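*Asks:* Dumping the structure here so I can ask a few things about it.
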Amino acid sequence: MTTTDTLLNRYRRIRLLGSGGFGAVYMAEDLRLGRTVAIKEMDSRSLAPDEQAISEQMFEREARMLASLDHPGLTRIWDYFQDNQRAFLVMEYVPGHTLREELNRRGGPLDEPFVIECALQLCNVLHYLHTRQPQVIFRDLKPANVMVVAQPASPNGHDAADTPLFRLIDFGIARIFKPEQTGDTLIIGTPGYAPPEQYGRGQTDARSDIYSLGATLHHLLSGQMPTSVPPRPLATLNPAVSPALAQIVA
């Protein structure tokens, strides 16, 4: 993992935003253009040779995939380079926090209007991805991969916009849908949010993302991680959820 306050190419790392496994994300300054960016680092030096090759392929595929997409609910990519068995993805810096952090902060279910707005915006992003040619399947929709964008404050001290904004982040295991393919090359995902076919013999498609969206909304409304397939009915976990919304999620 790279230390902060050091130069890398034309970027000066400012602080660590998050880390896990063999990767990390930093806030950095683009010294050439004078703007704040986020740099995602993938360090494969500790992996076995076969794992190293797979991780490098997935990371480069994420870079190429993001570079081909343009939607306000996605993070823009600006650069990609490699250095000493490490790969770096330079992205738009989006201030805010994830839905997982929001759940931890609340300590329970989120407000229904907030969840509905989140659902509408995520549906819009998924529709964009699923109508690309070829179709893009995200495959890892969960609270940790949805950013609640921080809104700039207005002069009176209130948020500039009453409607929260959401971004889908981390395309590390997204894939291009191939009609002739009978199964996924890599079986990977997050238990509880990934649909059954993602661990079976079928190929994930747009319906797989819709299942993960439902599991994510279920978590937001119940305050509990989904641990079964399908999750327990919302009415038994949070009776305050309106029946119509509970039916949509189900």
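The values are calculated or read from the model by the stated rules, or taken from the named source; none is laboratory data. The shown structure was predicted, so the numbers you read here are calculated from the model rather than taken from an experiment. Note that we place each Cβ from the backbone using ideal geometry, even for glycine, and neighbour counts take in every protein chain shown. Quick note on the areas: whole protein, heavy atoms, side chains included, nothing else; ligands and nucleic acids left out. Shrake-Rupley method; radii C 1.70, N 1.55, O 1.52, S 1.80 Å.
*Asks:* Ignoring any ligand, DNA or RNA, what whole percent of the accessible area of region 1-139 comes from carbon and sulfur when the probe is 1.4 angstrom?
*Replies:* Numbers: 3650 of 7350 Å².
Here it works out to 50 percent.
*Asks:* If you don't mind, there's one more thing I want to ask. Heavy atoms of the protein only, probe of 1.4 Å, neighbouring chains included. What is the accessible area of residue 219 in Å², nearest 10?
*Replies:* Accessible area of residue 219: about 20 Å².
*Asks:* At a Förster distance of 45 Å, what's the computed FRET efficiency of residue 210 paired with residue 82, Cβ-Cβ distance as r, to 0.05?
*Replies:* 0.80
*Asks:* Okay, moving on. From largest to smallest, what semi-axes in whole angstrom does region 1-149 give when each is the square root of 5 times an eigenvalue of its alpha carbon gyration tensor?
*Replies:* Numbers: eigenvalues 147, 75, 55 Å².
Listed largest to smallest, the semi-axes of region 1-149 are 27, 19, 17 Å.
*Asks:* Moving on to the next point. So for the pair residue 117, residue 70, with labels modelled 7 Å out along Cα→Cβ, what separation do we get in nm?
*Replies:* 2.8
*Asks:* Need the C-alpha centroid separation for region 107-132 versus region 15-92, integer Å.
*Replies:* 25
*Asks:* Find the accessible area per residue for region 37-118; the probe is 1.4 Å, ligands and nucleic acids are left out, and the unit is Å². Working shown, then result.
*Replies:* Details: 4180 Å² over 82 residues.
Counting only protein heavy atoms, the per-residue value for region 37-118 is 51 Å².
*Asks:* Taking a quarter of the surface of the convex hull around the Cα atoms of region 85-151, what do you get in nm²?
*Replies:* 6.7
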